[in-house]
Amino acid sequence: MKSQLLHGRSGALRNTHKFAFRLSGLMLLAALSAPAFANSDLPAVRSTDVQTISTSSPASTSVLAGLDNTAIPQDLVMMPSGQAAVTASSIKESRVQQLLKRALTLLGTPYRWGGTTTSGFDCSGLVGYVFRTALGIELPRVSRDMATRGESVSRDELIEGDLVFFSRGKVVDHVGIYIGNGQFVHAPRTGRDVSVSKLEGYWARHFVSARRVAGI
């Protein structure tokens, strides 16, 4: 009986030693295989993958990415501001200066009844010539018809380039171009050349209206 017990214990010990040996072998094999596993074809997470994932996540997407430009009306008109407004003002000023420069270059041109050329002007012939050659704007031939065009302005609202009208009776019979500082350029009458007059005295008494021509 004692020999059987001893035999059983020795067998158990042998089995324990075998298991421990096998376990140690497996651990050693796993340690030796680790470098090979690291170099295997299995995909690994790289730093670039992490970066790609983070930049493509909804939390990092720009708020402008979801803007639907098609929702903006295509015919939306933006009011000029800043540099755009300054540019528009500069263009208008430039056109007015072109107009006045052309008118003043004609000073000294003789008055001629019915004249529309530089050989001689009547009042409406002078005004029509200046607007046509300086700005390409066509005006009616006679002063009373000119007085119906454009925007009506009062005497105290006059600015450079406005037309000033006069009458010695019931209808408009004379026109000039206002050049600022209470003065206007015109072709006065027979025996007088194109000149600048002040809007006072005789001309103030016969002043009837003023118009601002569209397109300046």
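The values are calculated or read from the model by the stated rules, or taken from the named source; none is laboratory data. Here the structure is a predicted model, which means the values were calculated and not measured. Don't worry about glycine lacking a Cβ; one is built from the backbone with ideal geometry, like all the others, and counts go over all protein chains shown.
Brief remarks on what is shown
- In segment 85-114, the residues that are part of a helix (DSSP H, G or I) reach residues that are of a type in the set (Ser, Thr, Tyr) and surrounded by 11 or more Cβ atoms within 10 Å (Cβ to Cβ) with C-beta atoms within less than 8 angstrom, at least six apart or across chains, in these pairs: 102/133.
- Residue list for segment 151-176, filter: in a loop (DSSP other than H, G, I, E, B) and more than 16 Å from residue 137 (Cβ to Cβ): 154, 158, 159, 167, 168, 169, 170, 171, 172, 173
- Residue check, residue 209 in contact with a helix residue (DSSP H, G or I) (Cβ under 7 Å, 6 or more places away or on another chain) and hydroxyl-bearing (Ser, Thr, Tyr): no
- Output for segment 117-140, where each listed residue is out of contact with any Pro (no Cβ under 6 Å at 6 or more places or on another chain), free of Cβ contacts under 8 Å to residues at least 24 places away in the same chain and not in a helix (DSSP H, G or I): 117, 118, 119, 136, 138, 140
- Of the criteria (1) at pLDDT below 95; (2) in contact with a Lys or Arg (Cβ under 8 Å, 6 or more places away or on another chain); (3) not β-branched (Val, Ile, Thr), which one residue 170 fails: (2)
- Restricting segment 93-132 to residues that are closer than 23 Å to residue 212 by Cβ, small (Gly, Ala, Ser) and at pLDDT 95 or above, the residue that is surrounded by the most Cβ atoms within 10 Å (Cβ to Cβ): 124
- Qualifying positions in segment 177-214 - assigned to a loop (DSSP other than H, G, I, E, B) and acidic (Asp, Glu): 200
- The single condition among (1) within 39 Å of the chain's Cα centre (by Cα); (2) more than 14 Å from residue 211 (Cβ to Cβ); (3) of a type in the set (A, V, I, L, M) that residue 163 does not meet is (2).
- Flag if residue 50 is in a loop (DSSP other than H, G, I, E, B), more than 30 Å from residue 160 (Cα to Cα), of a type in the set (Val, Ile, Thr) and at pLDDT below 95: no
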